[in-house]
Every structure is written in structure tokens, then in C-alpha cells.
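FYI, it's all coordinate maths here, none of it is from the lab. Since the structure is predicted, the reported quantities are computational estimates derived from the model, not experimental observations. Quick reminder, even Gly has a Cβ in these numbers, built from the backbone with ideal geometry, and neighbours come from all protein chains shown.
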Amino acid sequence: MDINKNTSKIIDIDKEKCINCGVCTGVCNGKSLSLNRSTWDLQFKKELCIACYECVIACPVKAINMIN
């Protein structure tokens, strides 16, 4: 089931800005954001995103944005 199919916007992560702090993973209601435990890089599973945008608000470096 594609949770995003009825949403008009999704998130985009700027990997150049992202500092892999993990703040967004703590507020992700859909569990689509996680930190890779081997590399500590941010991982995003688009199919799990419920487009709540809590991560956009929480990101301290503004690396996550909404896109159409």
C-alpha cells in the first residue's frame, strides 16, 4: 500500500545540509526516517512516509523540505 498516493506533497532531504543528528527520526510518525547503525547516515523510506511534516519542523539545519 502506497501511503503517499493521496498526498500532494512529500519530503526531500538535502544530503549536503543533513548532519545525521537523528532529531527527525524521533518525531517521524510513519517510521520512515532512521539512522543506519553502521554508518550513522540518515535513511528515508518514502513508502512509509505519512506526510505529517514533523521532520521538516524538527530539523535543526533545515535539511528537510516539502516538495510537490
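Contact order for the chain, expressed relative to its length and based on alpha carbon pairs under 8 Å spaced 6+ residues apart, stands at 45 percent. Using a ≥ b ≥ c from the Cα gyration tensor of region 18-68 (square roots of the eigenvalues), is it rounded, prolate or oblate, where a/c under 1.5 gives rounded and otherwise the larger of a/b and b/c decides, a/b for prolate? Here region 18-68 falls in the oblate category.
For the chain, the Cys residues with no second cysteine's beta carbon closer than 4.7 Å are CYS18, CYS21, CYS28, CYS49, CYS52, CYS59.
Counting lysine pairs in the chain that sit 8 or more residues apart in sequence, or on different chains, and whose Cα atoms lie under 18 Å apart gives 13. Within 14 Å, Cβ to Cβ, of ILE19, how many net charges do the neighbouring residues add up to if Lys/Arg are +1 and Asp/Glu are -1? With Lys, Arg at +1 and Asp, Glu at -1, the net is 0.
Provide the gained length on full extension for the span ALA58 to TRP40, in nm with one decimal, where the gain is 0.36 nm per separating residue minus the Cα-Cα distance.
Separation in residues times 0.36 nm, less the Cα-Cα distance, equals 4.7 nm.
Applying 0.36 nm per residue to the separation of ASN20 and LEU48 and subtracting their alpha-carbon distance, the gain on full extension is 8.2 nm. In this Cβ point-charge picture (+1 for Lys and Arg, -1 for Asp and Glu), the chain has a dipole of about 60 debye about its Cα centre.
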